[in-house]
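Since the structure comes first, as structure tokens, the remarks are kept for the end.
Nothing in this text is a laboratory measurement; each read-out follows from the coordinates by a stated rule. Owing to the predicted nature of the structure, the values given are computational and were not obtained by experimental measurement. Cβ coordinates were reconstructed from backbone atoms using ideal geometry, including for glycine residues, and neighbour counts include every protein chain displayed.
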Amino acid sequence: MCAILFTNRAGVGRTGFAAALATMRHRGPDAPGRHAVHGCCQLGHNRLSVLDPNPRSDQPFYTADRRHAIVFNGEIYNFRELARAHGIPLRTGSDTELLLELYVRHGEKMLGWLYGMFAFVVLDTVTGEYFAARDRLGVKPLYAHETPEGLILASEIAAILRLVPNVAADEVALRQYRALRGFFGGRTLYRGIEMFPAGCFSRNGRINRYWSLPEGPQAPPSDEELGALVRSAVDYRLVADVPVGSYLSGGLDSSVVAALARRAHTWVTGLPGENEFEWAEKAARHLGTTHRAITVEPGRFLAAAREMIAVRREPLAVPNEVLLFEMTRAVKAENTVVLSGEGADELFAGYDRIFRWAGRARAWDVREFAGHYCYGAQPDIEAVEEAVSPFVDREEPFAIVSAFFQVAHLHGLLRRLDNATMLCGVEGRVPFVDHRLVERLAGVPLDYKMAGGVVKAPLKRVFGRLLPAEVVHRAKVGFPVNLERVLPPGMGAAMDRWFDFNLSELGIDTGNLVPAYA
């Protein structure tokens with residue numbers, strides 16, 4: 001919904017802070033550049049108005065006594081229920097006010113009551129103490145740069161780079177990117193700039209975890225329970241005071257979301273002759289939506305990628321992020337919020353090749369995992385080991401792979417969606433990343449998720465009647481981008497050339513990567 005920026009560094013001037021905030025104007029075009037100063041602390045906000053578009057809900061937002069201020073990116077879908085349950089009278093129609101009041105009254109325990117996606121900072125303007133938190137699975141981004149001089153928190157890396165120039169590249173992160181198409185363990189491309197951990201909060205610099213993916217086996221839900229959870233997740237993500245649409249690729253996940261959402265507009269994208277337009281059109285006709293197919297010409301692809309990289313100051317993970325960006329430009333004309341099927345593959349073992357391997361494997365083998373997961377031509381087992389290390393204490397390969405995909409892999413996909421949508425001033429929402437659904441399916445065995453060898457069998461069984469049979473039962477197709485069509489001719493594997501293109505746009509030479517893994 002927005003961009004936030006916070007610092008308690010005395011050396012950051014007001015003009016520099018304002019310039020850093022302006023690098024994220026695209027995230028909040030409705031009320032950009034809002035800026036407050038309290039001693040050495042500064043809070044900034046660019047607002048995308050989704051709930052209560054009235055200026056009374058602009059941020060930084062203050063308590064009635066002006067002691068506490070908040071900058072907040074995200075949505076709390078159950079904010080009205082929480083206001084009633086805790087007897088909080090609201091001056092606005094905004095979840096921002098509810099979030100601030102809940103924290104002032106109840107402290108960090110209120111994080112467990114929130115249904116939604118969020119990254120926020122609360123400042124006590126009298127003491128200078130701050131509280132920061134991020135949602136359970138990291139739907140909304142928050143980057144951090146901390147030194148003895150103080151802290152900077154921001155929704156995008158570009159804002160931090162504006163305040164802290166000449167930051168060196170992180171050699172380990174570069175290796176992660178080339179081996180795994182992303183960054184893991186809180187790393188970013190830049191040394192000293194980290195991703196604030198999902199499911200955590202910080203009070204004056206001390207980070208604590210308030211949520212973790214449940215461990216251990218769990219019995220599967222009934223069809224009725226699963227159906228109710230998914231419907232509730234979609235219903236909550238329709239809470240908005242602006243128009244909501246849906247991506248509709250013609251695959252199962254986005255089609256289920258669009259069918260349950262019942263909103264007017266649906267969208268699909270692809271390259272000429274390399275797309276899922278036929279399947280999306282079948283689903284759209286069945287659902288009765290106003291549907292648009294956005295074709296991205298190969299000649300436009302690299303220009304759009306360069307635009308994204310220049311604004312974000314980060315490499316793109318996967319090529320289809322460019323297609324999402326180009327589609328969302330069109331979405332903005334009709335919808336400020338768009339629903340996505342992201343997260344279903346992680347919940348329901350939808351990546352059948354790697355999940356089938358994990359289900360059959362008798363013991364964990366990182367090299368076999370890398371062979372199924374990595375895309376670069378040169379394997380980097382050390383990089384893979386570090387990425388997977390938080391999950392290898394689980395008892396069996398399927399549990400390790402499931403947890404890795406649900407937490408680490410999904411985080412990269414969520415970054416892709418947030419980056420592509422917010423660059424266009426559109427908020428992406430992900431019903432399948434509802435924490436209640438994630439918790440309920442954690443530890444559920446593969447023979448439920450892939451019953452009878454059918455990929456995502458529970459989704460097909462529970463929601464198949466809402467869609468055309470050929471859409472429900474078609475084989476899974478990735479989000480296709482033939483890199484040979486969009487990259488200049490060159491030597492080596494196309495994916496490695498894609499990595500090199502991204503890094504070269506950022507002025508990074510990968511020819512002399514440090515071999516040691518530190």
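Over the range 2-209, one equal point on each Cα, no solvent: what is log10 I(q)/I(0) by the Debye formula at q = 0.12, 0.13 Å⁻¹?
Evaluating at q = 0.12, 0.13 Å⁻¹ gives log10 I(q)/I(0) of -0.58, -0.68.
Let me see the P(r) profile for the range 118-157: every Cα-Cα distance counted, bins of 10 Å, each bin given as a percent of all pairs.
Percent of pairs per bin, in order: 26, 52, 22, 1.
Ordered by residue, what ³J(HN,Hα) values in Hz, to whole numbers, does the range 58-70 give under the Karplus form 6.51 cos²θ - 1.76 cosθ + 1.60, where θ = phi - 60° and Gly and Pro are x?
Once rounded to whole Hz, the list reads 5, 10, x, 10, 10, 5, 4, 8, 6, 6, 10, 10, 9.
Please give the net charge around Phe17, taking every other residue with its beta carbon less than 11 angstrom from that of Phe17, where Lys and Arg add +1 and Asp and Glu add -1.
Combined, the nearby Lys, Arg, Asp and Glu give +3.
Counting only Cα, what are the radius of gyration and maximum Cα-Cα distance Dmax of the range 326-374, in Å?
Cα radius of gyration and Dmax of the range 326-374 are 17.3, 52 Å respectively.
When the Kirkwood radius is taken over all Cα pairs of the range 62-129, what Stokes-Einstein diffusion coefficient follows at 10 °C and 1.306 mPa s, in µm²/s? Write out the running numbers ahead of the final one.
Details: Rh = 12.1 Å.
Result for D is 131 µm²/s.
Take Leu316, Leu123 and order them by how many other Cβ atoms sit within 10 Å, fewest up front.
The fewest-first ordering by Cβ neighbours comes to Leu316, Leu123.
Dipole size in debye (nearest 20) for the range 143-294 around its Cα centre, Lys and Arg Cβ +1, Asp and Glu Cβ -1?
280 debye
So what's the net charge close to Phe201: Lys and Arg +1, Asp and Glu -1, counting the other residues with Cβ under 12 Å from its Cβ?
Numbers: positive: Lys109, Arg134, Arg136, Arg203, Arg206, Arg209; negative: Glu108, Asp135.
Spelling it out: positives minus negatives among the neighbours equals +4.
Based only on Cα atoms, what mean projected area does the convex hull of the chain have, in nm²?
Its Cα hull, projected and averaged over all orientations, spans 22.9 nm².
Where nothing but the Cβ of Lys and Arg (+1) and of Asp and Glu (-1) is charged, how large is the charge dipole of the chain around its Cα centre, in debye to the nearest 20?
Magnitude of the dipole: close to 860 debye.
If each residue's Cβ is checked for other Cβ atoms within 10 Å, how do Thr125, Thr7 rank with the fewest at the top?
Lowest count first: Thr125, Thr7.
Order by neighbour count: Val104, Val407, Val37, fewest other Cβ atoms within 10 Å first, most last.
By the 10 Å Cβ count, ascending: Val37, Val104, Val407.
Give the Rg/Rh ratio for the range 229-295, taking Rg as the radius of gyration of the Cα atoms and Rh as the Kirkwood radius, to two decimals.
Ratio value, two decimals: 0.99.
Can you tally the net charge around Pro89? Count Lys and Arg as +1, Asp and Glu as -1, for every other residue whose Cβ sits under 11 Å from the Cβ of Pro89.
Around Pro89, the surrounding residues sum to 0.
Can you compute the radius of gyration and Dmax for the range 389-518, using only the Cα atoms, both in Å?
In Å, with Rg to one decimal and Dmax whole: 19.5, 55.
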